[in-house]
4 protein chains.
Amino acid sequence: MSKAIIIGGSRGIGKAISSSLSSLGYEVIATSKKELDTSNLNSVKDFVQKHTETDVLVLNTGGPPAKEFFSVTQEDWLKYHNQLFLGFCMILQKIKINDGGYVFLITSSVIKEPNEKLIISSAYRSAFASVFKILSKTFAEKNISFINIAPGPINTDRTKELIDNVKEYEKTLPMKRLGEPKEIGDFVKAIIENKIKYLSGVVINFDGAASSFVY
Amino acid sequence: MSKAIIIGGSRGIGKAISSSLSSLGYEVIATSKKELDTSNLNSVKDFVQKHTETDVLVLNTGGPPAKEFFSVTQEDWLKYHNQLFLGFCMILQKIKINDGGYVFLITSSVIKEPNEKLIISSAYRSAFASVFKILSKTFAEKNISFINIAPGPINTDRTKELIDNVKEYEKTLPMKRLGEPKEIGDFVKAIIENKIKYLSGVVINFDGAASSFVY
Amino acid sequence: MSKAIIIGGSRGIGKAISSSLSSLGYEVIATSKKELDTSNLNSVKDFVQKHTETDVLVLNTGGPPAKEFFSVTQEDWLKYHNQLFLGFCMILQKIKINDGGYVFLITSSVIKEPNEKLIISSAYRSAFASVFKILSKTFAEKNISFINIAPGPINTDRTKELIDNVKEYEKTLPMKRLGEPKEIGDFVKAIIENKIKYLSGVVINFDGAASSFVY
Amino acid sequence: MSKAIIIGGSRGIGKAISSSLSSLGYEVIATSKKELDTSNLNSVKDFVQKHTETDVLVLNTGGPPAKEFFSVTQEDWLKYHNQLFLGFCMILQKIKINDGGYVFLITSSVIKEPNEKLIISSAYRSAFASVFKILSKTFAEKNISFINIAPGPINTDRTKELIDNVKEYEKTLPMKRLGEPKEIGDFVKAIIENKIKYLSGVVINFDGAASSFVY
């Protein structure tokens with residue numbers, strides 16, 4: 001039986017991916033923040049001792065609080081540097097991805113269009129997207145695909161926290177609605193189920209036509 | 001029964017998409033160059049009179065010959081302007097995409113990393129990618145998704161024409177192989193089959209980790 | 001005496017560049033639409049017979065009228081294909097750029113963030129930006145720099161035509177004002193005056209921090 | 001007399017910028033690593049207590065050693081997180097930029113095309129580029145321009161350390177040479193001297209046409 005580890009797999013997009021991989025017959029290890037807190041490097045070290053290899057790895061984590069630049073403290077930077085960047089690096093350094101496997105990274109549209117209020121997230125998710133791109137080349141010979149999904153506005157608790165009036169906000173979106181976590185879960189499942197491997201080293205903006213840039 | 005029109009559907013990537021959509025139960029109209037030559041606007045006009053609506057539209061066409069800038073003639077520019085740009089514009093102006101449908105555009109990695117020998121293709125595919133991005137927003141309200149797939153080196157007749165020694169070339173690629181048309185065919189099928197709609201206005205680099213840019 | 005040819009040099013940004021290069025002591029040939037209409041290929045052919053070489057070339061042209069996709073006619077596409085793309089290709093095929101020279105291209109922020117109402121401009125300017133990138137490499141050995149300047153909202157007649165209430169619009173901009181043509185003229189002058197050559201193959205978004213993408 | 005602070009101003013590109021700003025009559029504070037070590041947050045805190053405001057700020061720092069992903073230690077990540085990211089954040093939080101001023105950031109072409117051996121630099125420079133983009137908007141109302149210069153291969157000690165055979169390497173470059181620090185120094189000077197303000201929120205790839213992406 002193939003194995004899938006989904007970090008941040010108990011809520012939102014991570015949960016949707018966990019469900020979709022379970023439906024494919026994967027042994028799914030979906031961590032909640034209690035089980036693995038990537039902002040705590042000791043928690044990461046414990047985790048990678050218990051889990052040493054996998055076929056599918058999904059790197060996903062909640063975002064930092066909305067804070068503008070001048071109110072971000074040194075403690076904030078360091079905490080979220082761990083949570084959004086360093087914890088993921090340690091996981092990729094320690095957990096072996098089996099040949100022919102997949103690594104998915106769930107980032108955010110802010111990696112391309114950084115957001116004033118989400119400056120911590122914009123910065124560290126960009127940093128990790130860079131590492132991830134490099135590793136897509138390193139792992140390519142082992143037929144392991146690295147796919148960075150950058151969601152726009154998705155119907156999660158997180159979005160509801162960040163947006164005051166979701167109904168009004170939806171009217172401003174091209175599709176007049178938020179994306180559904182299930183669409184991303186199904187997307188991940190479809191890639192794996194169809195053994196699509198040549199999709200690697202790519203950022204997939206999953207944003208319902210909301211972004212302005214062509215590429 | 002739902003309908004899919006695949007321009008350039010008789011060979012290579014287009015053929016793979018035709019097969020995959022047939023397997024989903026679509027009524028597939030896959031045109032060869034004889035049936036629809038997008039470099040000939042009269043051929044396009046005939047086609048859009050016969051085919052006035054569809055659920056899925058795949059815009060795909062062969063590439064121009066390899067030519068460096070100073071040897072491209074006015075006739076070359078005009079011919080491929082029709083084939084790679086204007087024909088597609090006319091098709092999108094005339095063929096109605098049914099609500100909830102999909103439009104896929106098959107471009108090339110040269111839209112992002114333009115190639116000296118493929119300068120005609122680089123230019124006009126970029127131009128149409130721009131139109132396509134704009135239309136992704138226009139059509140979003142009708143729940144129609146616009147997905148631009150930009151393949152890297154794929155195992156098609158075209159690639160064999162352009163590359164002298166494919167075996168040697170493959171060794172230089174991160175995955176040590178060309179991509180298979182079927183991977184793209186399966187990708188398109190998977191999007192449609194799973195009713196993934198929020199993926200729109202996006203360029204998907206399908207290149208086996210070959211590109212250098214992060215985004 | 002060194003020579004500079006500025007296409008579209010009688011108004012707006014082109015005029016500002018003409019003035020700044022005159023102040024550097026260049027022999028400036030600044031064409032108005034009467035003297036060279038790039039939408040008319042015969043006009044282009046006449047021009048390149050009279051002007052066969054230059055040290056500095058500035059490719060600049062007015063934009064097409066605002067039109068949304070479904071109202072663009074075949075005649076519109078063909079006219080602006082000439083004006084924004086093919087005329088420039090012919091000029092670069094025929095006018096020799098002297099070693100150590102410069103070619104500047106004035107495009108628009110729409111090449112990166114395409115605009116629904118400026119769809120013709122978005123498409124063909126993108127196409128030419130692609131050609132221009134390729135040529136930056138071809139000409140690099142001759143120490144000729146290719147610099148693509150992509151202005152955002154600049155204080156020109158064109159902007160006043162496109163924007164209803166400029167005063168109100170300016171309030172929405174990060175700098176609370178339009179850019180001045182002179183800033184671009186001075187920029188071009190500064191590059192040339194300081195013999196900065198290693199800046200080539202680059203797109204310079206000149207938009208007062210208005211764009212959303214990081215790169 | 002106007003003031004300019006140049007971090008990492010004693011060598012390479014930083015030194016060239018220091019010279020060019022001195023020639024403009026600026027009071028130049030150019031720090032060496034002894035005077036300000038951005039990898040040491042206490043050193044940064046000392047510095048921002050002594051230097052509380054400036055007209056021009058140049059954020060520049062040496063790069064980390066070449067190391068591939070699996071040999072980067074936790075200590076490495078944390079040290080260069082300080083040096084390339086957190087130190088700069090603290091400087092921008094504490095040093096007041098006077099109205100009408102300039103902030104230049106010297107990054108690297110690896111922010112756009114990340115490099116396997118320069119993975120630390122690729123990651124943290126990307127992170128800070130994201131912060132910098134956001135701040136370009138925040139500071140725009142005060143007429144302060146934020147300009148990110150991303151050099152390609154420049155003739156510095158750093159490049160000589162990283163490249164084995166510089167002569168051979170130069171033959172592979174489009175311009176058949178490295179860029180000169182003075183070209184960047186002159187570029188910065190030219191922007192300031194000509195009071196060009198509308199160039200902000202932009203990444204300027206200064207790479208002699210070496211990059212592959214169009215944008």
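Values quoted throughout were computed directly from the atomic coordinates according to the rules given, and no laboratory measurement underlies them. Because the structure is predicted, anything quoted here is derived from the model rather than measured. Note: ideal-geometry Cβ built from the backbone for every residue, glycine included; neighbour counts use all protein chains shown.
When A:ILE97, D:ILE6, D:ILE144 are arranged by Cβ crowding within 10 Å, least crowded first, meaning fewest neighbours, the order is A:ILE97, D:ILE144, D:ILE6. Largest GNM mean-square fluctuation across A:ALA66, A:ALA16, A:ALA129, computed for chain A with C-alpha springs under 10 Å, falls on A:ALA66.
Shown for D:THR107, B:THR54: other C-beta atoms within 10 Å of each C-beta, ranked fewest to most, produce the order B:THR54, D:THR107. Residue-wise HN-Hα couplings along the range D:14-28, as the Karplus relation 6.51 cos²θ - 1.76 cosθ + 1.60 with θ = phi - 60° gives them from phi, are x, 5, 4, 5, 4, 4, 5, 6, 4, 5, 7, x, 6, 6, 9 Hz; Gly and Pro carry x. The value obtained for the range B:1-75, namely the Cα convex hull volume divided by the number of residues, is 97 Å³ per residue. The GNM of chain A, with springs linking C-alpha atoms under 10 angstrom apart, assigns the highest mean-square fluctuation among A:GLY87, A:GLY62, A:GLY25 to A:GLY25.
Dipole check for the range D:170-213: with +1 at the C-beta of Lys and Arg, -1 at the C-beta of Asp and Glu, and the Cα centre as origin, the magnitude is about 60 Debye. Peptide C:171-180 has a mean shielding of 4, counted as Cβ atoms of other protein chains within 10 Å of each residue's Cβ.
Here is how the number arises for the protein assembly as shown: DSSP H runs of 4 or more residues each give -39500 (n - 2.57), the sum is divided by the residue count, and the result at 222 nm is -11500 deg cm²/dmol. Amide H contacts for D:PHE146 (H built 1.01 Å from N in the peptide plane; partners 5 or more residues away or on another chain; cut-off under 5 Å): D:VAL103, D:GLY201. Counting only aspartates and glutamates at least 8 places from B:LYS94 when in the same chain, those with an alpha carbon closer than 12 Å to its own are B:ASP46, B:GLU53. Which pairs break 29 Å Cα to Cα here: A:LYS137/A:LYS171; C:LYS182/D:LYS50; D:LYS96/D:LYS189; A:LYS142/B:LYS112; C:LYS3/C:LYS197? Beyond 29 Å between Cα atoms: A:LYS137/A:LYS171; C:LYS182/D:LYS50.
The simple spin-label model puts a point 7 Å past each Cα toward its Cβ; for D:LYS171 and B:LEU78 those points are separated by 4.5 nm.
Relative to the other identical copies, B:LYS94 shows label-point distances of 3.4, 6.2, 6.8 nm, where the label point lies 7 Å from Cα along the Cβ direction and values run shortest first. Legend: mean number of C-beta atoms from other chains within 10 angstrom of residue C-beta atoms, peptide B:63-69, equals 1. Counting, for every residue in B:109-118, the Cβ atoms of other protein chains within 10 Å of its Cβ and taking the mean gives 4. Projecting 7 Å from Cα along the Cα-to-Cβ direction, the label point of A:GLY25 sits 2.3, 7.9, 8.0 nm from its equivalents in the other copies, listed shortest first.
Couplings 3J(HN,Hα) of the range B:159-176, computed from phi: 4, 5, 5, 7, 9, 5, 10, 5, 4, 5, 4, 4, 5, 7, 8, x, 8, 6 Hz, in residue order, whole Hz [Karplus 6.51 cos²θ - 1.76 cosθ + 1.60, θ = phi - 60°; x for Gly and Pro]. Of all beta-carbon atoms in chain D, the one sitting closest to the axis that brings chain D onto chain B gives D:PHE213, 2, with the distance in whole angstrom.
Around the Cα centre of the range B:105-215, unit charges on the Cβ atoms of Lys, Arg, Asp and Glu (plus for the first two, minus for the last two) sum to a dipole of about 320 debye.
Note: chain C, Cα convex hull, 120 Å³ per residue. The value of relative contact order for the range C:22-104, using C-alpha pairs under 8 Å at least six residues apart, is 47 percent. Ordering B:MET1, A:MET90 by the number of other Cβ atoms within 10 Å of each residue's own Cβ, fewest first, gives B:MET1, A:MET90. Taken over the range D:82-187, the convex hull of the Cα atoms encloses 120 Å³ per residue. A label point on D:THR172, set 7 Å along the Cα-to-Cβ line, lies at 1.2, 4.7, 4.7 nm from each of its counterparts in the other copies, closest listed first. Expressed as a whole percent, how much of the Cα-Cα distance distribution for the protein assembly as shown exceeds 38 Å? Value for the protein assembly as shown: 40 percent of Cα pairs lie more than 38 Å apart.
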